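Asker: I'd like to ask you about the structure that follows.
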Amino acid sequence: MQNDFDFSVYSKCFQSTAVSVLGGVRTPVEIAGGTHLLVAAVEHDLLRFGDRAVLDCMACRPGCSSCCILNVSVLFPEAIALCRFLWSRLSYEALLSVRDRIEELYIRTRWLDDDERAAIHEPCAFLDEDGRCLIHPARPLLCRSVTSLDPSLCKEVLAAPPFSEAGTVPMNLFQKGLMEAAYHGFSSALKQLGLDDRAWRLTSAVHRLLSVPGATGEFLAGKQVARN
């Protein structure tokens, strides 16, 4: 079934679904809830259409954070959803700690391109002291696209110096294609609805939401959210 899977068609179908789900949203709770539903639908489709043998061989486990040093692109509703997830799960003190880490990471990485970001090996602000992802259930689609079937090779490649001839990490290419197709369909749906469809860096989007209380309102009003 995977060999016959058309990611372009899937992206268009996902766009249609996203328009239906998000077409009437008016509040931050509704945009977050709609985003969670859409991501859950992609995860369901991964199990439905993916190769079970490959999924069972996945090396990614809680605490394995080798790849969490990369730039990640998100859509603004994804950032809204994960922020609301944090607010519902963390104590006030823990939220302050995450906010401080976001601020520090934003300052350090704001002007770095993808290669430079990976080269400094600065971990994601959403990792706890054990390397576990605090936002794992609400993580963005493109975070979900990155997988590994070989944890040792994963660490070796990501630890290699910039521009060196590192190996290739074996990954679930179907999952990568599915999550990327959903991401592009989601973006197209936002554009169709007259909402901000631009890609943001995960750190920048969350920093904006935490530092500017009116950012979600700008998005829901159909404005382009001002970047920091």
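Asker: If I go through region 136-187 residue by residue, how many of them are in a loop (DSSP other than H, G, I, E, B) and either at pLDDT 95 or above or buried (at least 17 other Cβ atoms within 10 Å of the Cβ) (or both)? I'd like the intermediate steps shown before the answer.
Answerer: Here is the first cut: in region 136-187, the ones in a loop (DSSP other than H, G, I, E, B) are 139-140, 145-150, 160-172.
After this cut, where a residue has to be either at pLDDT 95 or above or buried (at least 17 other Cβ atoms within 10 Å of the Cβ) (or both) as well, the list is 139-140, 145-148, 169, 171-172.
Going through region 136-187 one residue at a time, the tally reaches 9.
Asker: What's the total number of residues in region 78-90 that are within 13 Å of the chain's Cα centre (by Cα) and either surrounded by fewer than 16 Cβ atoms within 10 Å (Cβ to Cβ) or of a type in the set (Gly, Ala, Ser) (or both)? Lay out the reasoning, then the answer.
Answerer: Start the filter on region 78-90 by keeping residues that are within 13 Å of the chain's Cα centre (by Cα), which leaves 78-83.
Checking the rest, the ones that are also either surrounded by fewer than 16 Cβ atoms within 10 Å (Cβ to Cβ) or of a type in the set (Gly, Ala, Ser) (or both) come to 79, 81.
Number satisfying all stated conditions: 2.
Asker: Does Arg101 satisfy the condition of being in contact (Cβ under 8 Å) with a residue 24 or more places away in the chain, out of contact with any Ser or Thr (no Cβ under 8 Å at 6 or more places or on another chain), crowded, with 20+ Cβ neighbours inside 10 Å and among the basic types (Lys, Arg)? Working first, answer last.
Answerer: Values: in contact (Cβ under 8 Å) with a residue 24 or more places away in the chain: yes; out of contact with any Ser or Thr (no Cβ under 8 Å at 6 or more places or on another chain): yes; crowded, with 20+ Cβ neighbours inside 10 Å: no; among the basic types (Lys, Arg): yes.
Considered against the rule, which asks whether it is in contact (Cβ under 8 Å) with a residue 24 or more places away in the chain, out of contact with any Ser or Thr (no Cβ under 8 Å at 6 or more places or on another chain), crowded, with 20+ Cβ neighbours inside 10 Å and among the basic types (Lys, Arg), Arg101 comes out as no.
Asker: How many of the residues in region 200-228 are touching a Phe, Trp or Tyr at 6+ places or on another chain (Cβ under 9 Å), assigned to a loop (DSSP other than H, G, I, E, B) and either modelled with pLDDT of 95 or more or among the basic types (Lys, Arg) (or both)?
Answerer: Number of matching residues: 2.
Asker: Which ranges mark the helices (runs of 4 or more DSSP H) fully within region 1-59 that have 3 or more residues being more than 21 Å from the chain's Cα centre (by Cα) and more than 29 Å from Cys83 (Cβ to Cβ)? Working first, answer last.
Answerer: Numbers: elements: 7-22, 28-49, 52-56.
Here the list reads 52-56.
Asker: Against the condition surrounded by 15 or more Cβ atoms within 10 Å (Cβ to Cβ), out of contact with any Gly (no Cβ under 8 Å at 6 or more places or on another chain) and without any contact (Cβ under 8 Å) to a residue 40 or more places away in the chain, how does Leu75 come out, does it pass?
Answerer: Values: surrounded by 15 or more Cβ atoms within 10 Å (Cβ to Cβ): yes; out of contact with any Gly (no Cβ under 8 Å at 6 or more places or on another chain): yes; without any contact (Cβ under 8 Å) to a residue 40 or more places away in the chain: no.
So Leu75 does not fit the description; no.
Residues checked against (1) more than 18 Å from Pro28 (Cβ to Cβ); (2) among the β-branched types (Val, Ile, Thr); (3) out of contact with any His (no Cβ under 6 Å at 6 or more places or on another chain):
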position	(1), (2), (3)
Glu180	yes, no, yes
Trp200	no, no, yes
Leu210	no, no, yes
Phe219	no, no, yes
Val225	no, yes, yes
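Asker: Taking region 20-68 only, how many residues are more than 30 Å from Pro151 (Cα to Cα), in contact (Cβ under 8 Å) with a residue 60 or more places away in the chain and surrounded by 14 or more Cβ atoms within 10 Å (Cβ to Cβ)?
Answerer: Total meeting the criteria: 4.
Asker: Within region 175-194, which residues are without any contact (Cβ under 8 Å) to a residue 40 or more places away in the chain and either touching a Phe, Trp or Tyr at 6+ places or on another chain (Cβ under 6 Å) or farther than 22 Å from Ile69 by Cα (or both)? Step through it out loud before you land on a result.
Answerer: We begin by selecting, within region 175-194, every residue without any contact (Cβ under 8 Å) to a residue 40 or more places away in the chain; these are 176, 191, 194.
Residues satisfying the conditions are Lys191, Gly194.
The values are calculated or read from the model by the stated rules, or taken from the named source; none is laboratory data. Nothing here was measured: the structure is a model prediction, and the numbers come from that model. For neighbour counting, all protein chains shown are included, and Cβ atoms are generated from backbone atoms with ideal geometry for every residue, glycine included.
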